[in-house]
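Engineer: Below you'll find the structure I mean.
The values are calculated or read from the model by the stated rules, or taken from the named source; none is laboratory data. Note that this is a predicted model, so its numbers are computed, not measured. Quick reminder, even Gly has a Cβ in these numbers, built from the backbone with ideal geometry, and neighbours come from all protein chains shown. Surface accessibility is based on the protein's heavy atoms, side chains included, excluding ligands, DNA and RNA. Shrake-Rupley method; radii C 1.70, N 1.55, O 1.52, S 1.80 Å.
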Amino acid sequence: MALQELYTKYNRVWIPDAEQVWKSAEILQDFTPGDRALHLQLEDGTVLQYPVEGPGQLPPLRNPDILVGENDLTALSYLHEPAVLHNLRVRFVDSRIIYTYCGIILVAVNPYKQLPIYGDAVIHAYSGQNMGDLDPHIFAVAEEAYKQMARNNRNQSIIVSGESGAGKTVSARYAMRYFAMVSKSSSNKRVEDKVLASNPITEAIGNAKTTRNDNSSRFGKYTEISFDRRYQIIGANMRTYLLEKSRVVFQSENERNYHIFYQMCACAEEPEFKSLRLLSADKFNYTCMGGDTEIQGVDDRADMAETRRTFNLLGLKEDFQADVFKMLAAILHLGNVVIKAVGSDQSSISSSGSHLAVFCDLLGVRQENMSRWLCHRRIVLASETVVKPQPRERAINARDALAKHLYAYLFDCVIHKINQSLRVPGKQHSFIGVLDIYGFETFDVNSFEQFCINYANEKLQQQFNLHVFKLEQEEYMKEDIPWTLIDFYDNQPVIDLIEAKMGILDLLDEECLFPQGTDMNWLQKLYNYLGSKPLFEKPRLSSEAFVIQHFADKVEYQCKGFLEKNRDNLYEELVSVMRASKVKKASYPNFKENNSVIKGVKVKAARSGVKPANKQLRTTVGDKFRSSLYLLMDTLNATTPHYVRCIKPNEEKLPFEYDSKRVVQQLRACGVLETVHISAQSYPSRWTYIEFYSRYSILMSQAELRAGEKKQICRTVLQRLIPDSNQYKFGRTKIFFRAGQVAYLEKLRLDRLRTACITIQKHVRGWRQRQRYLSMRQAAIIIQQYVRGKRRTLTAAALKQAWAAVVIQRHCRGYLIRRIYLLLQVATITIQAYTRGWMARKRYKKMVEEHKALVLQKYARAWLVRRRFQTMRRLVLNVQLSYRVQQLRKKIEEQNKENRGLVERLTSLASAHAQGLDRAQALEMELSKAVSEKASVEEREKKRKEDTDQHSIELQKEDLEKEILILKEENRRLREEKVQLQTQVEEDTQVNKELQEQFSQLTKHVKVNWINFFFTIDSQVMETQLREQREGYESQVEALVFKNDHLTRENQQLQALFQEKNDVNRSIGQEVARLNAENMVIPELKQQVSELQRHKQELETQLKEQSTEMTGEYFRESFTAHCACLVTHTLFLLFQDFEEQLDMKDRTIKRLQDQIKALQAPVKGNLSASIIPKEYLGMLEYKKVDEDRLVRTLIRELKPRGVVVNMIPGLAANLLFMCVRHADYLNDGNKLKSLMHAIITSIKQVITDHQENFEMLSFWLSNTYYLLNCLKQYSGEEEFMKHNTERQNKNCLQNFDLSEHRQILSDLAIRIYHQFINIMEDTLFPMIVPAMLEHESLQGISSMKPTGFRKRSNSLLEDGRSEGEAYSISSVLQLMNAFHSSMAQHGVEPQLQGQAIRQLFYLIAATTLNSILLRKDLCSCRKGMQIRCNISYLEEWLREKGLQGCSVMETLGPLSQAAWLLQVNKTTDEDAAEIQQRCHELSPVQIVKILNSYTPIDDFEKRVAPSFVRKVQALLQEREGSNQLMMDAQYRFQVTFPFCPSTQALELLQVPSSLHLGFLTRI
């Protein structure tokens, strides 16, 4: 949407104002393009016609009230100067919030009042938090720098800048304090304290009172705090820039010299300073120039004590301190040296003053030399040396130059010593630098100091612009948004004007080379060389100044004094005199050029600096400052910078007073508005998809809401609401808006809400009017009835008639009423009768239905059982079928093999048949051939008959007949063979056919008939077999169970018998002791019997397990007969083995019993006939060698999840105490002491080895408490014995007092408790804020306003792991349930449980309240509703667990009152009084903070008026209490271990066999 379209009615704009800079006005009429004026109405009701010459001349729009007061200025929809100015004003004046983000800048407005927001609790609250999670704070910037250093392994810098009096020094001090708190080292070198201790010293020698600030830093300081690989402080190093030396000899009105001079003068009467011969500050020229020598509210004497304390803390020796104080005192005395004029060109030292003598005495120099060379100068000529007297003015300048150089040299020496003290052996891994440097300055008279300061700010501003540009680019690339170049101000031309070749500094150094060089000559050179530069101007009204257009403003510099200050000369004669000084600090051989004390960090330069052409130029102040500035910029470019811009709100130093003119000047000068300008050119407003959906879902249609994914819904809605796609961009996680688009969306949302409100109001008002109309109509009808009625005169007859009428009416009405009553009675009885009948029928019908339901259930359950049985049977049949099918497949395979053999045989027969046919055909061919030959032969024979005679014919005939006979025989034989072959072929064909029929029948039989038949027959056989096996198994199980019961009873009898025998043995122990040889066997027999008994129990257990397994195996293995037979056989063998073993054990036990009887027989004669066995004494006997084994079993190796341990709480403690009682019973002090020491040492070892194991700590907290209670209960002290039974009092300790061990155990229990609480708190802490504040426990009520805050790209991990998990109040309750159930399972005393839960609830209350106090976005009415809902859940949980009587809910009192405060009305005096009365557990500071931070979520809510806050403050002034803002989340309630006597009888306590404590013996 175009920006011009937003100038509609009801919107507000900012117009320029001479007094307030900008003032607000409301648009009365929609603006259309082409209008010449904008119709406005000011806040005071004045109507104004604002002229508009063009589209670009429209006044800037004002942000909606819902966006005012944002934590980040770049989150505003309209980004411009008035929006920034107004947002800062609302936060500073109305909300009393001094910190605000502006992108990567932290804007800090000086409140001129001590605020309770810098305590240790606040530091802990910001530690570990991402930048933007809490309200803006200097601690947030420090944490961001520390986190990036640790995460990215890159050095960091915090650049603190601002005007004098804006609070730079305090901000830098708090940043260093934060690092010292969060990165404390484990060494004993107290590096953190030394780093903090350097501040008072540097402030004493480098800070002074100015007209703008009572503690103004007159030098720039860059402090590098070094860290090791564990990111703990190991040292620090300071570099200083441009000390204001001129302040030593001159101060303006209402200003002071450096603090250290006044501190020394205040302590002049102390013995340590007597030798310095100091006077009061108003008697020294160097300290009284500014007038008043004291600062209101500052005690110089106390500050001196603090300075000396920090000197000692840094390890600076007394000799060094004495030299420092001597030099400082000497400078003061030097200032009082009176130089008088002798003529016009000579001067001399006044002989009446003693200050020069004191000066020379303190520094150990000769007075005559100093007196001479202050007033003279040696001039070396080509052929001679001339001593020339100096006039008074030059002598005074020489004196002041000496004082300035002495102080500058002393300042460097002190800084050097501090750096040496802060340098700790060890390799520096990384560092964080804190730069406390002057901001842009412009005064009525600007000289060389302001020029250098502004030059440094130009360099810093250039570095800042590039860094902001880089971060913007990273953000766009991270969100996959096309990057477009942004036009921003580049101040490189100004820097080139100052430092380039033939620039201002170059020309200044060149002029300083000439002995006769003057300021005017240098200024003329500037005019000649730089006059054509656009950023350099010549003033119109002055010929001794020049103007530079800086990034912040135009500044006019007076050239007077530039050369002198740049040269900074000191006469060589005075240097020679000072080199002869006996004071080490004043006789430094390189006194004039002390560059060795300033060491830089070796970093690679970002760009090469400008090098001077001549070596002599390096001695000038400007050149040295430029070099140090290059070094500083190289350091900053090699680090990741963080910016803090300090703002001075007013000139009068009034608390929370806001001067818009002064603030806007500083905003322009410090780069805040440039950041806003860069952000406004792109997409300044950035909202996540979830925030956009939550805020603007009211603008979505039902079809869009049902579209699916929220991200796609946001895209669709935004494309519909803002058709111009250039006004927004969709990133991966955020939506980027151009300036004004969020305000437009807010306008649409407000219009939608206004329309809905109007609709609701319309219907409600219509209903109210209808109700009012109906009531008025009814009243009018009644009035009309009375008015229209006829009024008649009453007579006696009329009265009688009226009375009679009343009587008649009475009786008539009575009759009618009685009649109606009787009718109602009859009707009621009839209805009751029918109703009762209906109810009876209904009840009968229900009973019938229930009966039928039971019948149906019976049949249904029977059907289900039958179906289950059938299913099982089908399963069994399927298994059987599968098994038989396998067998059949095997048989089919065998049959197939046989068939293949038959097929092969058939094939061979077919081949033989084919061969026979071929042979028959051959024979037929031979036969036909023979016939043809026969015919031919007969023909030949006929011919021969004709040709030959008869004889030959006959011979031939005989031969032929023989041959024919042979042929016939052969033919017959062949015919027979042919017939045989045909017969054989037919037989083979028949056989093949029969085989094929058999094969087909066999296959068909296998598939159907044969399988069914076989299955039927086999299933019957298997069922019979299984039935027989089941009966056999059941009989075996019954036999085994009977055998087991028999063995159990026999075992119990044996145990009882053995118990009786043991009792008899104890009763005759003393008599048996005399039987040495025989009685030595009894303990061994006892041990063997107990072992056999234990073995028997184990065998019985195995027998039961095997019986159970056998029973289960039957149902599992009944699917196959073979496996069942195998298991049965195995179990039978096992039972036989067990029976044999039991028989052997029984025989062994019987044999041992016989031996015991035999041994007891001689003793029984010496005892009385009736022996009563003694009871157990509740002690456990152990051998000294088994002590380590005892402790290892019961402490070091004992697991808290054992069944026996959980069933008997405190079992381990009771067993240990029973061993302690036995040592006391034996009166063995060494054994008792050794056991207690082993117990305590082992518990400490277990706790140390399992520091993070919640279960182990809970278990040993319980057992340590039980052991401590046992030591108290059986100590024999009256206060504990009165709770015992008579039997327990008999078991008290008799010989030793264990009160010392009780104290040690109590301390150990306290340690376990605190460690136990720490684990629970560490687990609970990450859940508190998400569950109590961020999770929406009341569905449908959104209690969070999306801020659109733009977090730094480096604030979060790249994979998003910094986002907390989605915890809810249910997560907290589940965790509390886990804690409570674990404590209850381990037997922790209920009162101790209540103390632990109380501590956790206090943590919840403190953490939640602290987050509310540090997060402005959480202070809303709806958030108060959410908190009260969550508190009700916690209270319900306490009632459920029965812990409401442990004062747990009292810890939630402050949180509950804070939630109430967020919800209550905050407008009238009655509301203020109620807040004072109800919020008695909140401190006044907390109440005021919540009221100031209250943030409406919608436009319909109202902010808390500042006047109401002042009313509440006035009511709370009389309240006494803590003024701390934060609750101490690390506070620990004092733990008490209540004495609760145990009812456990030690003599009845059994030692579980699972603990394997067979070496212990019950006494």
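Engineer: Suppose every K and R has +1 on its Cβ and every D and E has -1 on its Cβ; what is the size of the dipole of the range 796-883 about the Cα centre, in Debye to the nearest 20?
Structural biologist: Working: 19 positive and 2 negative charges, 75 e Å.
About 360 debye.
Engineer: Continuing with the same structure: Find the centroid of the Cα atoms in the range 1365-1413 and in the range 222-243, then give the distance between the two in whole Å.
Structural biologist: A separation of 42 Å, based on Cα centres.
Engineer: Based on the Cβ-Cβ distance of MET776 and LEU750, what FRET efficiency does E = 1/(1 + (r/R0)^6) give at R0 = 41 Å, to the nearest 0.05? Mind showing how you got there, number by number?
Structural biologist: Numbers: r = 37 Å, r/R0 = 0.90.
FRET efficiency, MET776 to LEU750: 0.65.
Engineer: Here is a follow-up. What is the spread of the Cα atoms of the range 1438-1563 along each of their three principal axes, largest first, in whole Å?
Structural biologist: Each principal axis gives a Cα extent; for the range 1438-1563 these are 81, 34, 23 Å.
Engineer: In the range 639-687, which GluC sites (Glu not before Pro) are in a loop and have at most 15 other Cβ atoms within 10 Å, using DSSP for the loop call?
Structural biologist: Numbers: sites: GLU651, GLU652, GLU657, GLU674; in loops: GLU651, GLU652, GLU657.
Qualifying residues, ordered by number: GLU651, GLU652, GLU657.
Engineer: Translational diffusion coefficient of the range 1456-1527 at 20 °C, 1.002 mPa s, Stokes-Einstein with Kirkwood Rh over Cα pairs, in µm²/s as a whole number. Numbers along the way, then the final one.
Structural biologist: Working: Rh = 12.4 Å.
For the chosen part, D equals 172 µm²/s.
Engineer: Cα atoms only: what Rg and Dmax, in Å, come out for the range 95-152?
Structural biologist: Cα only, the range 95-152: 11.8, 37 Å (Rg, Dmax).
Engineer: Calculate the length of the line joining the C-alpha centroid of the range 377-444 to that of the range 31-93, in whole Å.
Structural biologist: Between the Cα centres of the range 377-444 and the range 31-93 lies a distance of 51 Å.
Engineer: Let me ask something additional. What is the pair-distance distribution P(r) of the range 657-699, computed from all Cα-Cα distances in 5 Å bins starting at 0, with each bin given as a whole percent?
Structural biologist: In whole percents, the pair-distance histogram is 5, 18, 14, 13, 13, 12, 11, 11, 3.
Engineer: Inverting the mean 1/r over all pairs of different Cα atoms, compute the Kirkwood radius of the range 350-436 and quote it in Å. Show your work: numbers first, answer last.
Structural biologist: Numbers: mean 1/r = 0.0590 Å⁻¹.
This gives a value of 17.0 Å.
Engineer: For the range 868-911, state the semi-axes of the equivalent ellipsoid (square roots of 5 times the eigenvalues of the alpha-carbon gyration tensor), sorted largest first and rounded to whole angstrom. Mind dumping the intermediate values first?
Structural biologist: Details: eigenvalues 329, 9, 3 Å².
For the range 868-911, the semi-axes come out at 41, 7, 4 Å.
Engineer: Amide H of GLY731 versus every other amide H placed in the peptide plane: which residues, excluding those fewer than 5 positions away on the same chain, fall under 5 Å?
Structural biologist: For GLY731, the qualifying residues are PHE736.
Engineer: How big is Rg to Rh over the range 1-117, alpha-carbon atoms, Rh as the Kirkwood inverse-mean-distance radius? It would help to have the intermediate numbers written out before the result.
Structural biologist: Details: Rg = 16.1 Å, Rh = 15.6 Å.
Radius of gyration relative to Kirkwood radius: 1.03.
Engineer: Please compute the alpha carbon radius of gyration of the range 401-452, then divide it by the globular-protein estimate 2.2 N^0.38 Å. Two decimals is fine. Each step should come with its number before you reach the end.
Structural biologist: Values: Rg = 16.9 Å, N = 52, 2.2 N^0.38 = 9.9 Å.
Against the empirical 2.2 N^0.38 Å value, I get 1.71 for the range 401-452.
Engineer: Here is a further query. Can you work out the Karplus-derived ³J(HN,Hα) for every residue in the range 859-872? Use 6.51 cos²θ - 1.76 cosθ + 1.60 with θ = phi - 60°, whole Hz, and x for glycine or proline.
Structural biologist: 5, 5, 5, 4, 5, 5, 5, 4, 5, 5, 5, 5, 4, 5
Engineer: With viscosity set to 0.890 mPa s at 25 °C, what whole-number translational diffusion coefficient in µm²/s follows for the range 393-533 from Stokes-Einstein and a Kirkwood radius over Cα pairs? Walk me through the numbers on the way to the answer.
Structural biologist: Details: Rh = 20.1 Å.
Answer from the Stokes-Einstein relation: 122 µm²/s.
Engineer: Apply the Karplus parameterisation 6.51 cos²θ - 1.76 cosθ + 1.60, with θ equal to phi minus 60°, to every residue of the range 727-744 and state each ³J(HN,Hα) to the nearest whole Hz, in sequence, with x for glycine and proline.
Structural biologist: The phi angles translate into 7, 7, 9, 9, x, 5, 10, 9, 10, 9, 10, 6, 4, x, 6, 5, 5, 5 Hz.
Engineer: While we're here: Report the percentage of all Cα-Cα pairs in the range 681-781 whose separation exceeds 19 Å, rounded to a whole percent. It would help to have the intermediate numbers written out before the result.
Structural biologist: Working: 2734 of 5050 pairs.
The answer is 54 percent, as a whole percent.
Engineer: With a bin width of 10 angstrom, please list the P(r) values of the range 204-304 as percents of all Cα-Cα pairs, from the 0 bin to the one holding the largest distance.
Structural biologist: Here the calculated profile for the range 204-304 is 14, 38, 26, 15, 6, 0.
Engineer: Probe radius 1.4 Å, ligands and nucleic acids ignored: give me the carbon and sulfur share of the accessible area of the range 1392-1445 as a rounded percent.
Structural biologist: Working: 580 of 1490 Å².
Here it works out to 39 percent.
Engineer: Among the listed pairs LYS1184/LYS1233; LYS729/LYS1416; LYS340/LYS582; LYS478/LYS729; LYS478/LYS734; LYS1199/LYS1272, give every one whose C-alpha distance is greater than 18 Å.
Structural biologist: Working: LYS1184/LYS1233 12 Å; LYS729/LYS1416 29 Å; LYS340/LYS582 28 Å; LYS478/LYS729 13 Å; LYS478/LYS734 10 Å; LYS1199/LYS1272 26 Å.
From the list (LYS1184/LYS1233; LYS729/LYS1416; LYS340/LYS582; LYS478/LYS729; LYS478/LYS734; LYS1199/LYS1272), the Cα-Cα distance tops 18 Å for LYS729/LYS1416; LYS340/LYS582; LYS1199/LYS1272.
Engineer: Let me ask something else about it. Give me the distance between the Cα centres of the range 527-585 and the range 1490-1543, rounded to whole Å.
Structural biologist: If we compute the Cα centre of each part, the gap is 56 Å.
Engineer: Points 7 angstrom from Cα along the Cβ direction at ASP1469 and ARG1189: gap in nanometres?
Structural biologist: With each label point 7 Å from Cα toward Cβ, the separation is 8.6 nm.
Engineer: Let me ask something additional. How large are Rg and Dmax for the range 258-369 when calculated on the C-alpha trace, in angstrom?
Structural biologist: When restricted to the Cα atoms of the range 258-369, Rg and Dmax are 15.8, 54 Å.
Engineer: Holding the Cα-Cα limit at 30 Å, pick out from LYS23/LYS554; LYS23/LYS147; LYS194/LYS1489; LYS1423/LYS1511; LYS168/LYS525; LYS747/LYS1511 the pairs that are longer than that. Before the final figure, lay out the partial values.
Structural biologist: Values: LYS23/LYS554 26 Å; LYS23/LYS147 41 Å; LYS194/LYS1489 34 Å; LYS1423/LYS1511 24 Å; LYS168/LYS525 37 Å; LYS747/LYS1511 34 Å.
Result: LYS23/LYS147; LYS194/LYS1489; LYS168/LYS525; LYS747/LYS1511 exceed 30 Å.
Engineer: What distance in nm lies between label points placed 7 Å from Cα along the C-beta direction at THR8 and GLU933?
Structural biologist: 13.2
Engineer: I've got another one for you. Based on the Cβ-Cβ distance of SER280 and ASP444, what FRET efficiency does E = 1/(1 + (r/R0)^6) give at R0 = 35 Å, to the nearest 0.05? Show your work: numbers first, answer last.
Structural biologist: On the way: r = 32 Å, r/R0 = 0.93.
About 0.60, to the nearest 0.05.
Engineer: At most 15 other Cβ atoms within 10 Å and a DSSP loop assignment: could you name the GluC sites (Glu not before Pro) in the range 188-276 that fit?
Structural biologist: Working: sites: GLU192, GLU203, GLU224, GLU244, GLU253, GLU255, GLU269, GLU272; in loops: GLU244, GLU253, GLU255, GLU269.
Loop-located and lightly packed - GLU253, GLU269.
Engineer: Continuing with the same structure: Within the range 832-949, how many Lys pairs sit with Cα atoms under 25 Å apart, leaving out pairs fewer than 8 places apart on the same chain?
Structural biologist: Pairs that pass both the separation and distance tests number 10.
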